[in-house]
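One structure is given here, and the rest of the page talks about it.
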Amino acid sequence: MTILRSCRLILLRRSVFYYKGRPRDYTLLRKRLRELAGTRVRYGYRRLMVLLRREGINNCHNAVYRIYREENLGVKRRKRRKRAATLRATPVPAQRANERWSMDFVTDRLETGRVFRVLTLIDQYTRECPLLEPGVSLTGRHVVEGLERVRAVRALPQSITVDNGGEFAGRALDAWAYLHNVKLDFIRPGKPVENGFIESFNGKLRDECLNSEVFLSIADAREKLERWRHDYNHLRPHSSLANRPPAEFAREPCGNQKPTVTSPEIPDSRCPV
């Protein structure tokens, strides 16, 4: 049977029968995606897509996601303990920069096995991180010294949300807050969800830095934490800021409302798979 008759019987155009696909060359995209995933080991394909678009690589979402899966670049999810859900009042969000900050501690270990802590501080509105201070023994006096260094380069907030740890509830921080007219907003004991901004930031810090780096000493930890802090403030896309870095968002005259998040991962219907 001829090709012409066969195509007529199955109602197929001969142009479709003779068509040969010409797949696009994604060699450069595949290479750059592997490089980004190798340096940003805890970034999913959505954030990697943002970084690619910043570099001018405007391939469609479907192609990036397909290559992401083919290269097996998916981020492995870490198991978390199940917690009982509790009802809580939603706090009023900050309306401008330096209105409310959040502060907390994160614990990790040096290569020698010695435990150290990191004082973390963020702005609840811009999501900027003004301070990451590591130390083996961080007291209220060390907290005050860190806040003084921040005060030298930026305005102080109206309030700082903290937990009920001895470093925050002690005399040193209380005297400093009274002197500079800063309110210490203590959460209820056993309710870390009331300080959700810093808890979310601590999760990013642990996932992208503490779990990925080896710290030989406090000086080494300070250098690596400062490098990550700069990357977080100036390069890392933040999903709640329309995928802009916190420092870029802080420089813009945003008024009293945050921007609407425009997700780059929504596929374009005109974009071929």
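Do you know which residues across region 1-19 are outside any helix (DSSP H, G or I) and not hydrophobic (A, V, I, L, M, F, W, C)?
Of region 1-19, the ones outside any helix (DSSP H, G or I) are 1-2, 10-13, 19.
Within region 1-19, THR2, ARG13, TYR19 meet the criteria.
Taking region 71-102, which residues are of a type in the set (D, E, K, R) and either modelled with pLDDT under 70 or surrounded by fewer than 11 Cβ atoms within 10 Å (Cβ to Cβ) (or both)?
Hits for region 71-102 are LYS76, ARG77, ARG78, LYS79, ARG80, ARG81, LYS82, ARG83, ARG88.
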Subject >> So ILE160, is it surrounded by 16 or more Cβ atoms within 10 Å (Cβ to Cβ) and over 30 Å from GLU111 (Cβ atoms) >> reply: yes
Original post:
For region 31-70, which residues satisfy the criterion of being within 19 Å of the chain's Cα centre (by Cα), more than 19 Å from SER212 (Cα to Cα) and open to solvent by less than 50 Å² (accessible area, probe 1.4 Å)?
Top reply: LEU33, MET49, VAL50, LEU51, LEU52
Original post:
Of all residues in region 195-246, which are more than 24 Å from ARG54 (Cβ to Cβ) and aromatic (Phe, Trp, Tyr)?
Top reply: PHE197, PHE215
Original post:
over 28 Å from PRO253 (Cβ atoms), among the small types (Gly, Ala, Ser), modelled with pLDDT of 90 or more and open to solvent by less than 10 Å² (accessible area, probe 1.4 Å): does that describe GLY146?
Top reply: yes
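Please find, within region 20-30, the residue that is nearest to GLU208 (Cα to Cα) out of those that are in contact with a helix residue (DSSP H, G or I) (Cβ under 8 Å, 6 or more places away or on another chain) and not in a helix (DSSP H, G or I). Break it down into steps so the answer makes sense when it comes.
Just the residues of region 20-30 that are in contact with a helix residue (DSSP H, G or I) (Cβ under 8 Å, 6 or more places away or on another chain), to begin with: 24, 26, 29-30.
Within this subset, residues satisfying the condition of being not in a helix (DSSP H, G or I) are 24, 26.
On the way: ARG24: 33, TYR26: 28 Å.
Looking at the filtered set, the residue picked out is TYR26.
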**OP:** Would you be able to tell me the number of residues in region 163-180 that are exposed (fewer than 14 other Cβ atoms within 10 Å of the Cβ) and assigned to a loop (DSSP other than H, G, I, E, B)?
**Re:** 2
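Taking ASN72, is it on the phi > 0 side of the Ramachandran plot, without any contact (Cβ under 8 Å) to a residue 12 or more places away in the chain and not basic (Lys, Arg)?
On the way: on the phi > 0 side of the Ramachandran plot: yes; without any contact (Cβ under 8 Å) to a residue 12 or more places away in the chain: yes; not basic (Lys, Arg): yes.
Yes: the conditions hold for ASN72.
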Original post:
Of the numbered conditions (1) open to solvent by 10 Å² or more (accessible area, probe 1.4 Å); (2) closer than 20 Å to PHE186 by Cα, ALA155 satisfies every one except a single condition; which is it?
Top reply: (2)
Original post:
Take the residues of region 103-125 that are basic (Lys, Arg) and part of a strand (DSSP E or B): which is most open to solvent (accessible area, probe 1.4 Å)?
Top reply: ARG109
Original post:
Taking the stated definitions as given, is LYS183 open to solvent by 40 Å² or more (accessible area, probe 1.4 Å) and in contact (Cβ under 8 Å) with a residue 40 or more places away in the chain?
Top reply: no
Original post:
Do we have LEU9 as over 30 Å from LEU205 (Cα atoms) and either open to solvent by 90 Å² or more (accessible area, probe 1.4 Å) or not hydrophobic (A, V, I, L, M, F, W, C) (or both) here?
Top reply: yes
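Filter region 202-226 down to the residues that are of a type in the set (Lys, Arg) and under 23 Å from TYR45 (Cα atoms) and list them by number.
LYS204, ARG206
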**OP:** Quick one: count up the residues across region 210-233 that are in contact (Cβ under 8 Å) with a residue 40 or more places away in the chain, open to solvent by 60 Å² or more (accessible area, probe 1.4 Å) and aliphatic (A, V, I, L, M).
**Re:** 2
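The values are calculated or read from the model by the stated rules, or taken from the named source; none is laboratory data. As the structure is a computational prediction, the values presented were derived from the model and not from experiment. Neighbour counts are summed over all protein chains in view; Cβ atoms, including those assigned to glycine, are modelled from backbone coordinates with ideal geometry. For accessibility, only protein heavy atoms count, side chains too; no ligands or nucleic acids. Shrake-Rupley method; radii C 1.70, N 1.55, O 1.52, S 1.80 Å.
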